[in-house]
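Chemist: Quick one: the structure is below, and I'll ask about it shortly.
The values are calculated or read from the model by the stated rules, or taken from the named source; none is laboratory data. Keep in mind it's a predicted model, so treat the numbers as computed, not measured. For neighbour counting, all protein chains shown are included, and Cβ atoms are generated from backbone atoms with ideal geometry for every residue, glycine included. These area figures cover heavy atoms from the full protein model, side chains too; ligands, DNA and RNA do not enter into them. Shrake-Rupley method; radii C 1.70, N 1.55, O 1.52, S 1.80 Å.
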Amino acid sequence: MAKLFDAIDDKLRAFIESQPMFFVGTAPSGDEGHVNVSPKGGSNLFRVTGPHGFAYVDLMGSGIETIAHLRENGRIALMFCSFSGPPKILRLHGTGVPVQQGDERFAEALAAFDITAEQRRAVRSVVEVEVTRVSDSCGFVVPKMAYEGERDQLYRYADNRLRKEGPDAVRAYVTTRNAESIDGLTGLDPLVDGAAPVSSGRKL
């Protein structure tokens, strides 16, 4: 039932890009620390970049586990599940790199996504993945679920902060909330001066 692929072919690409969401798994190095799994999704916020490439837009949130783990060791696994139609699970293993807003490549990396102005206001980074393993499995026990639509709470939250606190509100949030992981690993670099980081103990 399971199959190993040489690359992301056209059929797999179509499957990936038809999914409304996916899951990202990362972990710190060594025997200690917290393994993390995060749901990701959103219209036009992720894309296949080639036979061995994938990227997604990283939006603001109170947790920074994925980015911190990638900065430490780069290991990442992405999982796509079919919740309608024929059952299928697809996993992409590889090495991920966060492209931060202070990086020279950030504008180019973000421009590759056809996102709205509303989505753009909530962006904190772009994650690029070099895929080293592509495999599928049956997914026979994954339940069928109907997709009803996307949530807009995060975008409204970002807009509300921008209205109340000014144009640097989201960058200040990233600076204070995303400086380190729950294990104390380095998260995102600061984007504004004078904003004191707070300890990370929760996720959005």
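Chemist: If you place +1 on the Cβ of every Lys and Arg and -1 on the Cβ of every Asp and Glu, how big does the dipole about the Cα centre of the stretch 111-190 come out, in debye to the nearest 20?
Modeler: In debye, rounded to 20, the stretch 111-190 gives about 320.
Chemist: Determine the calculated [θ] at 222 nm for the chain from helices alone, applying -39500 (n - 2.57) to every DSSP H run no shorter than 4 residues and normalising by the residue count; nearest 500 deg cm²/dmol.
Modeler: Rounded to the nearest 500, the figure is -6500 deg cm²/dmol.
Chemist: Would you mind counting up the charge near F22? Only other residues with Cβ under 12 Å from its Cβ, with Lys and Arg at +1 and Asp and Glu at -1.
Modeler: Values: positive: K40, R47, R91; negative: E17.
Local net charge: +2.
Chemist: Moving on. Leaving out ligands, DNA and RNA, and with a 1.4 Å probe, what % of the accessible surface on the chain is carbon or sulfur? Please report the intermediate quantities before stating the final value.
Modeler: Values: 5600 of 11120 Å².
Here it works out to 50 percent.
Chemist: What Rg and what Dmax come out for the chain when only alpha-carbon atoms are used, in angstroms?
Modeler: 17.2, 55
Chemist: Continuing with this model, one more query. Can you bin the stretch 120-200 into rounded, prolate or oblate? Criterion: square roots of the alpha carbon gyration tensor eigenvalues sorted a ≥ b ≥ c, rounded for a/c under 1.5, prolate for a/b above b/c, oblate for the rest.
Modeler: Oblate shape, in that a/c is at least 1.5 and b/c is the bigger or equal ratio.
Chemist: How big is the gap, in Å, between the Cα center of the stretch 136-171 and the Cα center of the stretch 99-128?
Modeler: After rounding, the separation between the Cα centres reads 16 Å.
Chemist: Counting Lys and Arg as +1 and Asp and Glu as -1, each charge on the Cβ, what is the dipole of the chain about the Cα centre in debye, to the nearest 20? Display every interim value, and only then the final one.
Modeler: Details: 24 positive and 27 negative charges, 123 e Å.
Using only the charged Cβ atoms, the result is roughly 600 debye.
Chemist: Within 10 Å of each candidate Cβ there may be at most 11 other Cβ atoms; applying that plus a DSSP loop requirement, which GluC sites (Glu not before Pro) in the stretch 64-139 survive? Walk me through the numbers on the way to the answer.
Modeler: Working: sites: E65, E72, E104, E108, E118, E128, E130; in loops: E104.
Counting only loop positions with at most 11 other Cβ atoms within 10 Å, the GluC sites (Glu not before Pro) in the stretch 64-139 are E104.
Chemist: To continue, here is another question. Calculated FRET efficiency, R156 and D114, Cβ-Cβ r, R0 22 Å, to nearest 0.05?
Modeler: Values: r = 21 Å, r/R0 = 0.96.
The pair R156/D114 has a calculated efficiency of 0.55.
Chemist: Kirkwood Rh and Cα-based Rg: tell me the resulting Rg over Rh for the stretch 1-95, rounded to two decimals.
Modeler: For the stretch 1-95, the value is 0.97.
Chemist: Now for a different question. Enter the accessible area per residue of the chain (Å², integer; probe 1.4 Å; all protein chains in place).
Modeler: 55 Å²
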